[in-house]
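See structure below.
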Amino acid sequence: MHDDPDTLQCTETSFAILRYIKELDTATITSLADALDRPKSTIHRHLNTLQELGYVIRSDDRYRLSLQFLDLAEKARTDRSLYSVLRPEVDDLVEETGERAQVMVEENNHGIYIYQSKGEQAIETDSHIGKQVHLHTVASGKAYLAALSDDEIDQIIEDKGLPSMTQHTVDSRDELYGEINRIRERGYAFNDEEEMEGIRAVAAAICRVDGTPIGSISLAGPKTRLQGDKYRTKYPEIVSDIATVLGVKVTYK
């Protein structure tokens with residue numbers, strides 16, 4: 001919990017409860033009280049309020065998130081101008097490659113996936129719409145960072161740090177800037193098992209015609225398939241072309 005005098009601790013507690021339930025699918029008052037180090041009576045009051053508002057559902061002694069969150073999430077997603085133009089281009093990319101494609105936007109210095117499409121060959125991972133990621137750990141995030149100014153990148157590093165997800169994660173400022181400079185030169189980014197072992201990805205930033213970044217698009221697949229010319233040249237060029245098309249569509253929609 002934060003000690004900021006401008007924040008309400010009771011609101012923070014409610015959202016901590018919701019996040020915990022999300023991680024475990026369902027939770028009891030006891031498990032929540034233990035995990036959050038709060039009295040059971042406090043947790044009970046929060047859950048009663050959330051249940052009355054329709055955001056949690058009780059079944060016996062366990063609580064789960066309600067589908068009411070879908071309404072809020074869909075509104076947040078469709079309000080993004082990028083979302084209204086991305087589907088045809090991303091779905092075509094997936095049909096052509098058979099892999100998994102995703103569109104990411106930045107929010108609060110994190111990356112958030114707002115769309116995902118899977119081809120026949122795509123493997124299942126924990127990646128999903130709404131997943132929050134550190135920008136420096138994924139191809140889409142690094143492509144987006146490369147479209148920002150150095151001052152903006154420094155602010156994100158100061159806020160979120162450079163935590164490692166795997167042994168391959170870029171976790172130093174100098175190393176990250178070296179990669180960002182290479183991304184700026186070639187126009188696309190790689191992820192070589194940096195967020196998940198065995199998974200590679202290529203990505204390009206989606207920018208308005210004036211150069212303002214609004215998101216990024218990535219194509220991901222197993223290292224066994226994404227290799228050689230396909231990984232280093234063919235797919236990066238395809239993804240870059242689609243990013244350019246999406247940027248133009250958003251600009252003039």
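We did not get these values from a lab; they are worked out from the coordinates using the rules stated. Everything numeric in this text was worked out from a predicted model, so none of it was measured. Methodologically, a virtual Cβ is constructed for each residue, glycine included, from the backbone with ideal geometry; neighbour enumeration extends over all protein chains shown.
Scalar couplings 3J(HN,Hα) for region 206-212, obtained by applying the Karplus form with A = 6.51, B = -1.76, C = 1.60 to θ = phi - 60°, are 9, 10, 5, 4, 7, x, 6 Hz; x denotes Gly and Pro.
A Stokes-Einstein calculation at 37 °C with viscosity 0.692 mPa s, built on the Kirkwood radius of the chain over Cα pairs, returns a diffusion coefficient of 166 µm²/s. What the pair-distance distribution of region 9-66 shows, using all Cα-Cα distances binned every 10 Å from zero, is 26, 67, 8 percent. Highest average first, the peptides 82-88, 180-186 ordered by how many other beta carbon atoms sit within 10 Å of their residues are 82-88, 180-186.
Pairs Lys75/Lys131; Lys142/Lys249; Lys118/Lys230; Lys75/Lys160; Lys230/Lys253; Lys223/Lys249: which are spaced more than 21 Å apart, C-alpha to C-alpha? In this structure, Lys142/Lys249; Lys75/Lys160; Lys230/Lys253; Lys223/Lys249 lie more than 21 Å apart at Cα. Highest average first, the peptides 230-236, 102-108 ordered by how many other beta carbon atoms sit within 10 Å of their residues are 102-108, 230-236.
Charged neighbours of Glu179, selected by a Cβ distance under 12 Å, balance to -1 (K, R count +1; D, E count -1).
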